[in-house]
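Right, one structure below, let's go through it.
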Amino acid sequence: MANNKPTFNRREFVKKTSILGAGLGIAAHTAFAAPAVKPQNKLPKWKGFNLLDFFSPDPANTRKPTTEDQLRWMADWGFDFIRIPMAYPFYLNIDRSRNITPDEVYKIDEKQVDKIDKLVQTAHKHNLHVSLNLHRAPGYCVNAGFHEPYNLWKDQQAQEAFNFHWNMWAKRYKNVSSKKISFDLVNEPSMREDMNDQHSKRSTVPGEVYRKVAKAAAESIRKENAGHLVIADGNDVGSKVIPEITDLNIAQSCRGYHPGIISHYKAPWANKDPENLPEPKWPGQVGDKYLSRAMLEEFYKPWIGLVNQGVGVHCGECGCWNKTPHAVFLAWFADVLDILSSHGIGFALWEFRGDFGILDSGRSDIAYEDWHGYKLDRKLLTLLMKA
């Protein structure tokens with residue numbers, strides 16, 4: 001009589017249940033997969049200030065130097081970054097009673113270089129990352145006031161001098177970690193019809209030209225240390241990403257000044273007719289535009305896209321001149337910082353002490369707090385600390 005009792009094949013059972021389990025695992029993974037990880041900015045989310053000690057091309061006409069106490073306050077408040085915008089003539093030994101010649105661009109004054117180095121070393125003592133920037137480079141500056149002998153974007157002679165200066169700084173900090181120092185090539189590039197008239201017609205630096213200049217400068221820096229961190233300011237005075245250099249391992253620096261009617265209200269260097277401008281509001285209708293957070297979101301989309309591509313991004317300058325009503329400034333700036341911060345992008349306020357700063361800004365519409373003899377804008381400081 002036949003045995004109808006089902007037989008048990010252990011090997012077949014294990015095989016089938018393994019396949020089933022794997023299938024369930026795949027299904028479970030698909031159903032309960034973690035959301036995609038938000039791309040991380042390749043640069044740290046540095047927060048800090050621009051220090052204008054060497055901003056003037058004439059060392060006889062400079063601001064009061066940043067003190068060690070001020071650097072200590074920055075660190076104590078939780079900041080970890082300073083950007084030093086330099087005018088290259090500051091550290092040249094030249095006759096300032098006449099226009100500079102191309103040959104004189106190479107006449108380095110070591111005493112002046114040592115002054116810059118002292119600020120760098122003191123900042124490092126307080127664990128502040130230092131970003132050296134040529135605010136005025138041989139052949140280009142976003143501001144007039146010093147007669148350039150050539151054009152950085154057009155003249156090979158200017159580009160060779162540019163590389164010379166960056167190689168000098170790279171050599172000086174050859175053995176300093178990129179965690180402590182970076183090299184920001186040139187402040188707010190643009191093409192101008194007249195390099196010595198900041199109000200002359202302006203346009204975008206052609207991408208292939210920017211690439212050539214940035215690539216050569218980065219190579220002159222990394223010749224001293226392959227690990228040196230190089231940063232390039234956005235095209236069109238810092239406002240636009242530079243797609244032509246994304247393969248060069250160069251970080252990019254945006255700006256926190258959009259729209260200019262808020263950040264540079266009545267600023268004479270930024271407006272041809274500063275006294276006849278519509279009063280700023282945030283949000284609100286200003287002239288023919290409605291200003292809002294949505295406008296900012298659109299402005300920063302390309303920069304956020306750059307982070308998503310794996311390119312490091314930092315906001316090297318941001319802030320507001322002291323003629324914008326303080327409440328409008330803070331409302332606008334809170335949105336700027338929130339957008340940047342939510343995408344891991346750090347910032348450096350222009351400046352620490354002065355018209356844009358947290359100390360001695362000269363505003364007429366706020367009550368300052370006394371801070372060791374300085375006038376502190378506590379509301380602005382609190383906003384920066386929270387970002």
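The residue list Ala137, Ala158 contains one member that is in contact with a Pro (Cβ under 7 Å, 6 or more places away or on another chain) and small (Gly, Ala, Ser), which is Ala158.
Quick grid of which residues meet (1) touching a residue at least 24 places away in the same chain (Cβ under 8 Å); (2) within 16 Å of Phe356 (Cβ to Cβ); (3) in a loop (DSSP other than H, G, I, E, B):
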| position | (1), (2), (3) |
| --- | --- |
| Glu244 | yes, no, no |
| Cys254 | yes, no, no |
| Ile262 | yes, yes, no |
| Tyr265 | yes, yes, yes |
| Trp269 | yes, yes, yes |
| Asp273 | no, no, yes |
| Pro278 | no, no, yes |
| Gln285 | no, no, no |
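Taken together, the criteria exclude Ala75 from residues that are in contact with a strand residue (DSSP E or B) (Cβ under 7 Å, 6 or more places away or on another chain), surrounded by 14 or more Cβ atoms within 10 Å (Cβ to Cβ) and either in a helix (DSSP H, G or I) or of a type in the set (Phe, Trp, Tyr) (or both). Of all the listed residues (Phe54, Phe90), the sole one being of a type in the set (A, V, I, L, M, F, W, C), buried (at least 20 other Cβ atoms within 10 Å of the Cβ) and in a loop (DSSP other than H, G, I, E, B) is Phe54. The number of residues in the range 322-344 being out of contact with any Lys or Arg (no Cβ under 7 Å at 6 or more places or on another chain) and part of a loop (DSSP other than H, G, I, E, B) comes to 3. Picking from Ile116, Ile94, Ile84, Ile108, which residue would you name as being of a type outside the set (Gly, Ala, Ser), within 29 Å of Gln159 (Cα to Cα) and in contact with a helix residue (DSSP H, G or I) (Cβ under 6 Å, 6 or more places away or on another chain)? Result: Ile94 is the single residue among Ile116, Ile94, Ile84, Ile108 that is of a type outside the set (Gly, Ala, Ser), within 29 Å of Gln159 (Cα to Cα) and in contact with a helix residue (DSSP H, G or I) (Cβ under 6 Å, 6 or more places away or on another chain). Scanning the range 201-228 for residues that are closer than 14 Å to Val241 by Cα and surrounded by fewer than 18 Cβ atoms within 10 Å (Cβ to Cβ) yields Thr204, Pro206, Gly207, Glu208.
Report yes if some residue within the range 311-332 is aliphatic (A, V, I, L, M), surrounded by 18 or more Cβ atoms within 10 Å (Cβ to Cβ) and more than 24 Å from Asp184 (Cβ to Cβ); otherwise report no.
yes
Assuming Ser177 fulfils every condition listed in (1) under 26 Å from Thr122 (Cα atoms); (2) under 18 Å from the mean Cα position of the chain (by Cα) apart from one, which condition is it? Going through (1) under 26 Å from Thr122 (Cα atoms); (2) under 18 Å from the mean Cα position of the chain (by Cα) one by one, Ser177 breaks only (2). Of the residues making up the range 287-321, those that are of a type outside the set (Val, Ile, Thr) and assigned to a loop (DSSP other than H, G, I, E, B) are Gly287, Asp288, Ser292, Gln309, Gly310, Gly312, Gly319, Cys320, Trp321. In this structure, Ile100 does not qualify as buried (at least 16 other Cβ atoms within 10 Å of the Cβ) and within 21 Å of Trp350 (Cβ to Cβ).
When the range 146-175 is filtered for residues that are under 15 Å from Val113 (Cβ atoms) and either surrounded by 21 or more Cβ atoms within 10 Å (Cβ to Cβ) or free of Cβ contacts under 8 Å to residues at least 60 places away in the same chain (or both), the ones remaining, listed by number, are Phe164, His165, Trp166, Asn167, Trp169, Ala170, Lys171, Arg172, Tyr173, Lys174. Within the range 347-370, residues that are under 20 Å from Ile262 (Cα atoms) sit with their Cβ atoms under 7 Å from residues that are of a type in the set (Asp, Glu) and crowded, with 20+ Cβ neighbours inside 10 Å, at 6+ positions apart or across chains, in these pairs: Ala348/Glu317; Trp350/Glu317; Gly357/Glu351; Ile358/Asp377; Ser361/Asp377; Ile366/Asp377.
Coordinate-derived values only; no laboratory data. Keep in mind that this is a model prediction, so the values were computed, not measured. Positions of Cβ are backbone-derived with ideal geometry, glycine not excepted, and every protein chain shown enters the neighbour counts.
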